[in-house]
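Heads up, the thing below is written out as structure tokens.
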Amino acid sequence: MWKDLDISLEKATALKEKPSVENLGFGQYFTDHMFKMQWTQDQGWHDARICPYEPFSMDPASTVLHYGQAIFEGLKAYKSYDKQIYLFRPTDNFERMNNAASRMSMPRFPVEGAMKALKALVYLDRDWIPEAEGSSLYLRPTMIGVDPYLGLKPSESYIFYVIMSPVGAYYAEGFSPTKIYVCNDYVRAVKGGVGDVKTAGNYAASMLASEKAKKDGYTQVLWLDACERKYVEEVGTSNIFFYIDNKLVTPPLSGSILGGITRNSVIKLVRSWDIEVEERPISIDEVIEASQNGSLKESFATGTAAVISPVGELFYNDASYLINNGETGDLSIRLFKDLQAIQYGHKDDPHNWRVRVG
Ligand code: COI
């Protein structure tokens with residue numbers, strides 16, 4: 001069906017001025033084109049088009065605006081020294097998005113067709129892929145329910161679209177260590193809920209605690225489990241790792257945290273270096289004890305936007321705990337360099353993670 005879908009192309013008549021690479025920040029600028037298609041019960045996915053980046057109109061009663069039927073992904077396109085363009089594990093993003101679609105009672109889409117659209121879009125706007133070290137083109141596939149209907153039921157029509165934004169580092173700290181506030185008054189998600197799904201509401205629900213932490217000088221919050229407020233879950237919008245006693249420990253994918261693609265890549269890379277990785281519940285008390293007895297060597301967060309983001313300090317129950325003297329550790333540096341070298345096409349790709357465009 002959809003894998004042979006025709007994608008129409010309408011090119012922008014006037015191209016926008018590109019921002020200078022020093023001022024990119026994260027998610028502020030958008031490229032000249034976007035991809036868009038629609039789903040209805042009788043036609044399935046149809047009207048696929050690459051068109052100029054533009055606002056679209058929506059009925060004020062649209063399902064997404066009232067009941068939050070919205071899922072999205074984040075992945076990046078990179079340009080190598082020799083101007084090759086690479087996507088990093090894009091089919092994993094689309095498969096995760098399809099799982100999210102099922103959980104949110106939204107239609108699945110054929111990954112092959114979405115890949116065709118994504119590659120065509122990235123190639124068309126390839127001049128927007130920044131070339132400076134650490135910068136990339138962030139791609140945001142999104143699906144929303146657009147039925148104008150206020151009764152509570154899954155929408156019968158959807159829009160899937162992809163927009164693209166040239167980005168630098170996600171955090172102002174760049175690759176410098178972040179200060180993290182351990183949150184024990186709010187929680188992010190419960191098992192059986194949608195914490196393992198990349199749906200908009202999870203991010204809305206996280207904002208209050210994050211903003212409070214930011215006001216107090218912290219970069220992000222570290223979430224604890226919703227039942228006991230004992231086990232570590234995620235940090236802000238990323239997965240979290242602790243390097244304790246020469247083992248890398250990260251919470252398991254047990255339903256309330258997102259199965260990060262960077263998380264999975266880090267686990268595979270570290271295992272290939274013969275460093276043990278444990279995916280297991282880890283309590284905040286264990287982390288604090290390890291920090292006090294010196295066995296916690298490093299901690300870092302992982303995510304598409306954040307890449308590898310070292311944690312230099314934790315604040316928990318009125319006390320601060322420095323990690324690695326507040327400095328970026330050797331494992332974080334090695335991981336950052338290795339992962340980025342693979343992503344940019346500057347070294348071999350033994351896991352076949354890269355997909356070439358063009
Ligand atoms: C990503 O890392 O791609 C995300 O979606 C996190 C977002 C808050 C930027």
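The values are calculated or read from the model by the stated rules, or taken from the named source; none is laboratory data. Remember, it's a predicted structure, so these values are computed and weren't measured experimentally. A quick note on method: Cβ atoms are made from the backbone with ideal geometry, for glycine too, and the neighbour counts reach across all protein chains shown.
Scanning the range 65-99 for residues that are within 14 Å of the ligand (Cβ to nearest atom) and either at pLDDT below 95 or more than 30 Å from LEU150 (Cα to Cα) (or both) yields LEU75, LYS76, ALA77, LEU87, PHE88, ARG89, PRO90, ASP92, ASN93. Can you tell me which residue is farthest from the ligand (Cβ to nearest atom) among those in the range 233-260 that are in contact with a Ser or Thr (Cβ under 7 Å, 6 or more places away or on another chain) and aliphatic (A, V, I, L, M)? Applying the filter and picking the extreme gives ILE244.
Here is a yes/no grid of residues against (1) at pLDDT 95 or above; (2) closer than 20 Å to ALA290 by Cβ:
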site: SER176; (1), (2): no, no
site: LYS198; (1), (2): yes, no
site: ASP225; (1), (2): yes, yes
site: ASN239; (1), (2): yes, yes
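Report, by residue number, each residue of the range 86-113 that is of a type in the set (A, V, I, L, M, F, W, C) and touching a strand residue (DSSP E or B) at 6+ places or on another chain (Cβ under 7 Å).
If we filter the range 86-113 for residues that are of a type in the set (A, V, I, L, M, F, W, C), which is where we start, we get 87-88, 94, 97, 100-101, 104, 106, 109, 111.
Within the range 86-113, LEU87, PHE88, MET97, ALA100, ALA101, MET104, MET106, PHE109 meet the criteria.
Of all the listed residues (SER176, SER102), the sole one being touching a Lys or Arg at 6+ places or on another chain (Cβ under 9 Å) and either more than 30 Å from THR13 (Cβ to Cβ) or not assigned by TED's automatic domain parsing to the domain that holds TRP45 (or both) is SER102.
Given the options SER62, SER102, name the one that is under 25 Å from THR304 (Cβ atoms) and either more than 16 Å from the ligand (Cβ to nearest atom) or of a type in the set (Phe, Trp, Tyr) (or both).
Numbers: SER62 fails: under 25 Å from THR304 (Cβ atoms).
Being under 25 Å from THR304 (Cβ atoms) and either more than 16 Å from the ligand (Cβ to nearest atom) or of a type in the set (Phe, Trp, Tyr) (or both) holds for just one of SER62, SER102, which is SER102.
What residue, among those in the range 153-173 that are away from the ligand (no atom under 16 Å from the Cβ) and touching a residue at least 24 places away in the same chain (Cβ under 8 Å), is farthest from ALA12 (Cα to Cα)? Ranking the qualifying residues of the range 153-173, first place goes to PRO154.
Inside the range 128-141, can you point out the residues that are surrounded by fewer than 19 Cβ atoms within 10 Å (Cβ to Cβ) and either of a type in the set (Val, Ile, Thr) or in contact with a helix residue (DSSP H, G or I) (Cβ under 7 Å, 6 or more places away or on another chain) (or both)?
Applying the first criterion (surrounded by fewer than 19 Cβ atoms within 10 Å (Cβ to Cβ)) to the range 128-141 yields 131-134, 140.
ALA132 - this is the single residue of the range 128-141 that is surrounded by fewer than 19 Cβ atoms within 10 Å (Cβ to Cβ) and either of a type in the set (Val, Ile, Thr) or in contact with a helix residue (DSSP H, G or I) (Cβ under 7 Å, 6 or more places away or on another chain) (or both).
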